[in-house]
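Notes follow the structure.
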Amino acid sequence: MNILSQYISYSIFIGVGATIFMDLYALFIKTAFKIPSLDYALVGRWIGHFKQGVFAHKNIVHAEKITGERALGWMAHYLIGISFALLLLLICGLDWLYQPTFIVCINVGVATTAAPWFMIQPAFGFGIAASKTPKPFTARLRSLQAHAIYGLDYI
């Protein structure tokens with residue numbers, strides 16, 4: 001197996017596994033504490049509007065629905081997880097797989113919180129780091145928790 005194939009296959013394995021772990025955590029939080037997580041249909045709706053040249057919304061909740069938005073959103077969620085895993089491997093190298101460290105894992109997980117805070121939430125019309133939501137601190141904390149959990153699965 002060549003080096004590119006190794007990076008891709010390990011990224012898929014790690015990214016899908018970490019994303020599943022993140023989703024199981026979200027399911028636990030929803031079941032145990034009645035705290036909902038992001039509706040990935042909104043991610044699909046956001047992506048679905050790209051073909052019309054719309055990349056940001058006043059409020060994505062009120063944007064026109066897209067056929068298949070939920071499936072598109074979930075697919076994007078997992079592809080993003082794989083991309084983050086690839087980024088980790090590009091930074092740390094394949095040798096890191098043989099001795100993963102907690103500090104690298106948690107740092108990568110926390111660093112990935114930049115995506116929702118500075119790209120997705122503003123594009124949804126929720127403001128930078130959910131500043132335009134009714135409870136910005138709570139939204140920020142939920143994003144941080146979810147992404148830290150994602151990072152912990154690398155170990």
| query | If you check Asp23 against the conditions, is it open to solvent by less than 70 Å² (accessible area, probe 1.4 Å) and over 20 Å from Ala130 (Cα atoms)? | reply | yes
| said: Please go through region 33-49 and give me each residue that is assigned to a helix (DSSP H, G or I) and either modelled with pLDDT under 95 or open to solvent by 70 Å² or more (accessible area, probe 1.4 Å) (or both), ordered by number. | reply: Phe33
| request: Answer yes if at least one residue in region 102-119 is modelled with pLDDT of 95 or more, outside any helix (DSSP H, G or I) and open to solvent by 50 Å² or more (accessible area, probe 1.4 Å), and no otherwise. | output: no
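Tally the residues that are in a helix (DSSP H, G or I) and β-branched (Val, Ile, Thr), restricting the search to region 120-155. Give the derivation first.
Here is the first cut: in region 120-155, the ones in a helix (DSSP H, G or I) are 120-124, 128-130, 136-152.
Now restrict to residues that are β-branched (Val, Ile, Thr): 120, 128, 138, 149.
Counting residues in region 120-155 that are in a helix (DSSP H, G or I) and β-branched (Val, Ile, Thr) gives 4.
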| Going through region 124-134 one residue at a time, which ones are within 17 Å of the chain's Cα centre (by Cα) and either charged (D, E, K, R) or crowded, with 18+ Cβ neighbours inside 10 Å (or both)? | Phe124, Phe126, Ala129, Ala130
| Odd one out for Ile66, checked against (1) open to solvent by less than 40 Å² (accessible area, probe 1.4 Å); (2) within 24 Å of Lys34 (Cα to Cα); (3) at pLDDT 95 or above | (2)
| query | Which ones in region 24-36 are in contact with a helix residue (DSSP H, G or I) (Cβ under 8 Å, 6 or more places away or on another chain) and under 21 Å from Met75 (Cα atoms)? | reply | Tyr25, Ala26, Pro36
| request: For region 101-117, indicate whether the set of residues that are in contact with a His (Cβ under 8 Å, 6 or more places away or on another chain) and polar (S, T, N, Q) is non-empty. | output: yes
| request: Give just the number: which of (1) touching a Pro at 6+ places or on another chain (Cβ under 7 Å); (2) surrounded by fewer than 19 Cβ atoms within 10 Å (Cβ to Cβ) does Gly93 not satisfy? | output: (1)
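Does region 76-88 contain at least one residue that is more than 15 Å from the chain's Cα centre (by Cα) and open to solvent by less than 80 Å² (accessible area, probe 1.4 Å)? Working first, answer last.
First pass over region 76-88, keeping only residues more than 15 Å from the chain's Cα centre (by Cα): none.
No; the residues of region 76-88 include none that is more than 15 Å from the chain's Cα centre (by Cα) and open to solvent by less than 80 Å² (accessible area, probe 1.4 Å).
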| request: Pairs only if they're at least six apart or on different chains, beta carbon under 6 angstrom, first in region 91-109 and touching a residue at least 24 places away in the same chain (Cβ under 8 Å), second open to solvent by 90 Å² or more (accessible area, probe 1.4 Å); list them, first residue then second. | output: Pro100/Ile155; Cys105/Ile155
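The values are calculated or read from the model by the stated rules, or taken from the named source; none is laboratory data. Keep in mind that what you see is a predicted model, and the values were worked out from it rather than measured. In this analysis, Cβ positions are derived from the backbone assuming ideal geometry, glycine residues included, and neighbour counts consider all displayed protein chains. Surface accessibility is based on the protein's heavy atoms, side chains included, excluding ligands, DNA and RNA. Shrake-Rupley method; radii C 1.70, N 1.55, O 1.52, S 1.80 Å.
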